[in-house]
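The values are calculated or read from the model by the stated rules, or taken from the named source; none is laboratory data. A quick note: this is a predicted structure, and the numbers were derived from the prediction, not measured. Neighbour counts run over all protein chains shown; Cβ positions are idealised from the backbone, glycine included. Areas reflect the complete protein model, heavy atoms only, side chains present, ligands, DNA and RNA absent. Shrake-Rupley method; radii C 1.70, N 1.55, O 1.52, S 1.80 Å.
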Amino acid sequence: MKYISTRGQAPALSFSDILLGGLAPDGGLYLPEQYPHFTDEDLAAMRGMHYRDLAYTILSRLVDDIPPADLRAIVDKTYRADVYAYARPGQNAEDITPTLKLEEGLYLLSLSNGPTLAFKDIAMQLLGNLFEYVLAQKGEITNILGATSGDTGSAAEYAMRGKKGVKVFMLSPHKKMSRFQTAQMFSLQDDNIFNIAVKGVFDDCQDIVKAVSNDHAFKAKYKIGAVNSINWARVAAQVVYYFKGYFAVTTDNAQKVSFSVPSGNFGNVCAGHIARMMGLPIAKLVVATNENDVLDEFFKTGVYRPRGSANTYHTSSPSMDISKASNFERFVFDLVGRDAAKVRELWNKVDAGGSFDLKADGWFDKVADYGFVSGSSNHANRMQTIKATHERYGVTIDTHTADGLKVALEKREAGIPMLVLETALPAKFEDAIVEALGQKPERPPSLEGLEALPQHFDVVHSSADAIKQFIVDHI
Ligand SMILES: *Cc1c(COP(=O)(O)O)cnc(C)c1O
């Protein structure tokens, strides 16, 4: 299994060789040369598997340069019930990503029961263990540079804290994360974790990471690695829970299900796309956005028009406040028939601050073949959805999951189960829940008093040079 770049001008590499990096040297993103395919017979064998067995079965088709016994051990160490310990009444922590039935044909797929209460733990915890393993094998170290609007950063830091050979430099938009998110990250005191508060918004942080990664000399000299959502291993890890969710609500592989995915960088729903390409019977992939609706605009019109950071709204579902969906290029590569020259042409426009329109040349007509539909929501929708869900089902959901549920209800089809991906627990966004329900959400007992802990961070200007200097000074 080799991995190729969406821009077609980088050498094909194996899994371990792309694990530690971010973008391919030609600026593209890695994808498998060919998607592995699970037949009906394979799916039948996978039905009923424990999460660990499922994860191993899927990942072993994507990873061919880690010995099977070692990969198995990494997976077993990662997906343990004591790490994904939070479970609602009626859920079993052993399921790792348990479902919760709201009503006939409508479910939550709970992805947020891990240490930082957001779905990013699922992939990041695997990454932490893969990094430690591969670095030890190669006798190397890495300095992870990441950008976060809240959840990536804490998931990365909790996955990497104390890991040998790894330092984490995490950029976050100064004063733009929730109090809980801020406390979760900034209260870490591990020597290998550096919290950098950038005076700007999330897109500025993401642009800095891209700029530093594109400085190939700096990247090589200081062993800069990435864990943001373009990292292939993260996308691969996320493929697993689509299978898990599918099997949880079906009894037969002839059945289809739909998934509604609260989206920002398009990493999560990209994993759904890949699960579908691998043979999972998915009816619809519902891309749900908040007011930052660049993806909704594309799936409605064929125009992809990223907005600048000045036009990114600061919303009550902040982890989706993204106007340039970095994983979107992976889907477009498949959409345009894996024509890397076409992707280069399109992203030349995007990288120059422009937009592209796939309607004119006919490619947009193909979107429906991939099951994608979309919708968006706003603050009032989120408040209303959180309230209605609490009243109707006695379940408290967070603001991001509310975006997903709102759009799911608009896109549901009779006879096809709809799974809404629960991307964070409400405890992470207490203020919004108080606004919607007039009461605080339940908080896992281990996190009581989090905001009172001493915080550790540095405030830095929004400039790639300032960040480079910070890294040089701290390694
Ligand atoms: C990261 C995040 C999202 C968006 O996921 P993408 O993979 O960037 O599309 C949605 N909800 C929450 C809670 C998140 O942390």
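Scanning the range 116-142 for residues that are more than 25 Å from His400 (Cβ to Cβ), open to solvent by 10 Å² or more (accessible area, probe 1.4 Å) and either in contact with a Lys or Arg (Cβ under 9 Å, 6 or more places away or on another chain) or hydroxyl-bearing (Ser, Thr, Tyr) (or both) turns up Asn129, Glu132, Tyr133, Ala136, Glu140, Ile141.
When Val420, Val407 are checked against the criterion of being part of a helix (DSSP H, G or I), under 23 Å from the mean Cα position of the chain (by Cα) and within 16 Å of Leu102 (Cβ to Cβ), Val407 stands alone in meeting it.
One residue stands out in the range 430-442 among those that are over 16 Å from Ser110 (Cβ atoms) and under 24 Å from the mean Cα position of the chain (by Cα): the one that is most open to solvent (accessible area, probe 1.4 Å), namely Asp431. The residue that is farthest from Thr396 (Cα to Cα), counting only those in the range 51-81 that are at pLDDT 95 or above and open to solvent by 60 Å² or more (accessible area, probe 1.4 Å), is Pro67.
One residue alone among Phe243, Phe266, Phe259 is away from the ligand (no atom under 16 Å from the Cβ), among the aromatic types (Phe, Trp, Tyr) and either open to solvent by less than 10 Å² (accessible area, probe 1.4 Å) or closer than 27 Å to Leu295 by Cα (or both), and that residue is Phe243.
Look through the range 117-148, keep the residues that are out of contact with any helix residue (DSSP H, G or I) (no Cβ under 8 Å at 6 or more places or on another chain) and either among the small types (Gly, Ala, Ser) or within 16 Å of the ligand (Cβ to nearest atom) (or both), and return whichever of them is farthest from Leu54 (Cα to Cα). Going through the qualifying residues, I end up with Gly139. Apart from one condition, Val303 fits all of (1) under 30 Å from Pro25 (Cβ atoms); (2) surrounded by 23 or more Cβ atoms within 10 Å (Cβ to Cβ); the exception is (2). Val198 meets all of the listed conditions (1) within 16 Å of the ligand (Cβ to nearest atom); (2) open to solvent by less than 10 Å² (accessible area, probe 1.4 Å); (3) touching a strand residue (DSSP E or B) at 6+ places or on another chain (Cβ under 9 Å) but one, namely (1).
Please go through the range 222-240 and give me each residue that is in a loop (DSSP other than H, G, I, E, B), touching a helix residue (DSSP H, G or I) at 6+ places or on another chain (Cβ under 8 Å), open to solvent by 10 Å² or more (accessible area, probe 1.4 Å) and not small (Gly, Ala, Ser), ordered by number. Break it down into steps so the answer makes sense when it comes.
Within the range 222-240, the subset in a loop (DSSP other than H, G, I, E, B) is 222-223, 226-231.
Now drop any that are not touching a helix residue (DSSP H, G or I) at 6+ places or on another chain (Cβ under 8 Å), which leaves 222, 226-231.
Next, from what is left, pick out any that are open to solvent by 10 Å² or more (accessible area, probe 1.4 Å): 222, 228-230.
Tyr222, Asn228, Ile230, listed by residue number.
Does Asn253 meet the test of being open to solvent by 20 Å² or more (accessible area, probe 1.4 Å) and modelled with pLDDT of 95 or more? Considered against the rule, which asks whether it is open to solvent by 20 Å² or more (accessible area, probe 1.4 Å) and modelled with pLDDT of 95 or more, Asn253 comes out as yes.
So in the range 85-127, with the set limited to residues that are within 24 Å of Val286 (Cα to Cα) and basic (Lys, Arg), which one is nearest to the chain's Cα centre (by Cα)? The extreme case among them is Lys120.
If you go through the range 292-323 and keep only what is within 11 Å of the ligand (Cβ to nearest atom) and of a type outside the set (Ser, Thr, Tyr), you end up with Asn292, Leu295, Pro318, Met320, Asp321, Ile322.
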